[in-house]
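A quick write-up on the structure given underneath.
Derivation of every value follows stated rules applied to the coordinates shown; laboratory data play no part. Just so it is clear, the structure is predicted and the values come from calculations on it, not from any experiment. Cβ atoms come from the backbone with ideal geometry, glycine included; neighbour counts cover every protein chain shown.
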């Protein structure tokens with residue numbers, strides 16, 4: 001069932017990409033990693049798979065750097081789902097990119113970790129390397145929590161490996 005849902009997400013993202021292709025370039029990322037890396041009990045740690053969309057045409061160059069909207073979602077091995085939309089900054093040093101982001105989102109715990117509410121906030125630091133023309137390989141570390149707005153706020157730390165391609 002999880003594989004079918006992930007496959008459906010991937011097909012939907014690529015279909016969405018072709019529908020809006022006439023509006024310019026799109027950056028689609030596919031990532032996998034570990035959910036709840038620093039789980040003290042070890043009972044909530046699981047894998048995660050996700051997809052993310054960024055439109056490079058929506059870059060805004062400011063005195064703080066380049067910013068663009070980011071939208072995505074992931075599913076864990078315990079059927080937890082997180083859907084988010086937010087903003088990502090980009091700083092480059094040659095082929096190396098540093099990409100901090102912040103994204104509020106909707107979290108459904110499924111059979112996984114209870115984060116205390118449905119509104120959760122993801123802050124992430126990603127370091128990427130341009131590997132081919134219009135392609136990037138990245139490592140990221142993120143933290144998701146509800147800022148003490150929920151019943152509890154255990155939070156979760158995650159790490160991912162991401163492959164991004166501009167279409």
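The ranking of 36, 114 from fewest to most other beta carbons within 10 Å of each one's beta carbon is 114, 36.
Look at 141, 82 and count the other Cβ atoms within 10 Å of each Cβ; fewest to most, that gives 141, 82.
Label positions at residue 130 and residue 114, each projected 7 Å from the Cα along the C-beta direction, are separated by 4.8 nm.
What's the exposure ranking of 85, 34, going from fewest to most Cβ atoms within 10 Å?
Fewest-to-most ranking of 85, 34: 85, 34.
Relative to the globular-protein estimate of 2.2 N^0.38 Å, the Cα radius of gyration of the range 72-167 stands at 1.17.
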